[in-house]
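Nothing in this text is a laboratory measurement; each read-out follows from the coordinates by a stated rule. Because the structure is predicted, anything quoted here is derived from the model rather than measured. Heads up, the Cβs are rebuilt from the backbone with ideal geometry, glycines too, and the neighbour counts pull from every protein chain shown.
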Amino acid sequence: MVPALNALRATSFPAVLLKMLLSTLFGTVIGLERSSKNRPAGFRTHILVCLGASVAALTALYIYLDLRLPSDISRICGQVISGLGFIGAGTIIITRKMTVKGLTTAAGLWTSGIIGVAVGSGYYELGLLGTVLVLVVETWFGKLGSGIQHCPEYTVELLYNDKTSLDQVLRFCKDSRMAIVNLKIHALEDGADANYAAEVFLRGVVERDILLDRVRQMPGIVLAIGL
């Protein structure tokens, strides 16, 4: 820790003002990166989370240091960190293709709150370091992660007559080491050529066209298309 900042780690007005300004600054810096990518939580949300966490930490310090009342500072800050999970959960969505989005934004909000706790407690160096590392992870690591090859994910829509036809498709997918992410089945009341329809959400190494060619050759399959 920097000794020159020791006088600004208490609950005096200059110290409180500095902590609030730094919390606003750090929340803004992290939030602007998220806003530039049109993420669910923008810079205002990050500012409020970081600022609110800082206020909670300052309040805990004030109760303990100035009012001399019995108070568990770590418990108050811990409740703030736990409560941030509810805010972060609101940014997580599941798309139609059963993929999860918003986890990075939720984690960034949670970390912003912890940075606010650190700044509110007077640990400026840790707050600054945390902000820099969050930006590095969300920018440079994001580009690094986009270069990682992932197993392709796609959806196969099926129309078929016999229930056993779907069993053959699923067995073939498992034998081909394809992960069945989700499965939706419904009967066709007025189906002229097919009695059942299914959506199979898959992830694996088999290419979609190869899988479709194999599925179309199975008995009972009326139609198989990939999305």
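Remarks
- Test: residue in the stretch 43-53 that is surrounded by fewer than 16 Cβ atoms within 10 Å (Cβ to Cβ) and in contact (Cβ under 8 Å) with a residue 24 or more places away in the chain: no
- Of the residues making up the stretch 27-50, those that are within 20 Å of A89 (Cβ to Cβ), of a type in the set (A, V, I, L, M) and part of a helix (DSSP H, G or I) number 4.
- Subset of the stretch 99-122 [surrounded by 13 or more Cβ atoms within 10 Å (Cβ to Cβ), touching a residue at least 12 places away in the same chain (Cβ under 8 Å) and out of contact with any helix residue (DSSP H, G or I) (no Cβ under 9 Å at 6 or more places or on another chain)]: none
- Residue match in the stretch 77-85 (condition: crowded, with 17+ Cβ neighbours inside 10 Å and touching a residue at least 60 places away in the same chain (Cβ under 8 Å)): no
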